[in-house]
Amino acid sequence: MSAGLYLAIPLVALLAIIQATVLPAFPVLGVAPGLWLVMVVAWGLLRGMREGLFLAFVGGIFVDLISAAPLGVTSLSLMLSVALVTFLQRYLPKGPVLIPALLTALATIVFWLIYLLLLRLIMPVIIGGQAFLGIADLRAGGARNSVLNDIGRGYGLSAPVVRFILQSAIIHALLVMPFYWAVNRLGQAYGRRRVEI
């Protein structure tokens, strides 16, 4: 692990705080950009899968701590999306702008799809499932499934949710280059250096 990675952790934490507090007042295309997500993806693309996954794990845990999401959901979603794009990057031509932008857009889409899937799977368990909803005594499978499906629909792919995901992907693709440059500079300044003896 490089020394720059340890500087990136508080930076991701700061970006998460800024997104939670300041950015909702200044939406871009109706969306508050996920600066922490863009930073983690840029780090993974430039510094490799290992450092990208580490930063995704730590940054995701911090985001979950300041949000209402169950602990670990953001972290797991972010780790899987970073793993996918850093893996795909190996098979794509090197490009200074287009490839990082496309991979960041893809990472955003994958992140939100996994995030929503995880919420859909665990939220009924977290709120107490059937017992909490008072439907444990329902024997008719249709009624029981209908109530649980209504809960899950809040985390489904409705038209506004799809629009939000696509808008986020576009915004993140446009924002990645300043982060890409900053991560590159940070890596150059604090990256691993060969020591001659």
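The values are calculated or read from the model by the stated rules, or taken from the named source; none is laboratory data. Keep in mind the model is a prediction, meaning the values are calculated, not measured. With ideal geometry, Cβ positions are generated from the backbone for all residues, glycine too; neighbour counts draw on all protein chains shown. The accessibility values were calculated without ligands, DNA or RNA, using every heavy atom of the protein model including side chains. Shrake-Rupley method; radii C 1.70, N 1.55, O 1.52, S 1.80 Å.
General observations
- Rounded accessible area per residue of segment 10-53, 1.4 Å, Å²: 42 Å²
- Normalised contact order of segment 9-52, rounded percent, pairs of Cα under 8 Å and 6 or more residues apart: 32 percent
- Relative contact order of segment 1-113, defined on C-alpha pairs under 8 angstrom at six or more residues apart (%): 23 percent
- Length released on extending from Leu157 to Leu117, taking residue separation times 0.36 nm less the Cα-Cα span: 13.4 nm
- Distant alpha-carbon pairs in segment 3-86 (separation over 20 angstrom), percent: 29 percent
- Averaged over residues, the count of other Cβ atoms within 10 Å places the peptides 90-96, 48-54 in the sequence 48-54, 90-96, highest first.
- Sequence ranges 161-168, 98-105, ranked by mean other-Cβ count within 10 angstrom, highest first: 98-105, 161-168
- Share of carbon and sulfur in the accessible heavy-atom surface of segment 1-96 [1.4 Å probe, %]: 75 percent
- Linear extension gain, Ile61 paired with Phe26, 0.36 nm per residue minus alpha-carbon span: 10.1 nm
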